[in-house]
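Each value in this text was obtained by applying a stated rule to the coordinates, not by laboratory testing. Everything numeric in this text was worked out from a predicted model, so none of it was measured. All Cβ positions, even for glycine, are placed from backbone atoms using ideal geometry, and neighbour counts span all protein chains on display.
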Amino acid sequence: GPQWSPQVRAEAAVCRRKWWTHLLYLNNLVYPDEKCLIQTWYLAADMQLYAAALALTLALRGRRVAVPVLGALFLLLTVICLVVAYAWHLVPTYVVHRPESVRLAYSGDASFNVLYQSPLGNATGALAGLLLAHLHHALTRSSLRIADNK
């Protein structure tokens, strides 16, 4: 339609400037206000959290403190997200939109950049999964049988 050329030209210019951030999965951290392929923020945040989860898993491998450390990190990151949202007056929830309207509507929006597309805002979910995986692993290796304690 008539809006194709202006929208594609504007996004193509941003993509030419930010191509390397997509290559390194840093597009949600480096120049987060400049949106190129808005939906790829998730790939970057996910890759960053996978790298952090790998580092945590290797650091805590075979240690009894894994579950308490991950639980403490989960609580700490939850509190940090709450404090950042409160102190900066950020909106913690977003309604799902089409990618092109998100790019335009949330350009320069701190709530979107800090809480929604950053690894900080997504770390609690990743840590919850990692914590449950470590807990499951610890329980299966112990002599405690959950089925016997119903």
Tilt relative to the chain, helix 66-87 - C-alpha long axis, 0 to 90 degrees, to 10: 40
Between 0 and 90°, nearest 10: helix 119-141 axis offset from the chain longest Cα axis: 20
On Cα atoms only, tilt of 4-23 relative to the major axis of the chain in degrees: 40
Free-standing Cys residues across the chain, given no other cysteine C-beta under 4.7 angstrom: C81
The chain: calculated mean residue ellipticity at 222 nm from DSSP helix runs of at least 4, using -39500 (n - 2.57): -21000 deg cm²/dmol
Listed peptides 34-41, 20-27 by packing density, highest first (mean Cβ within 10 Å): 34-41, 20-27
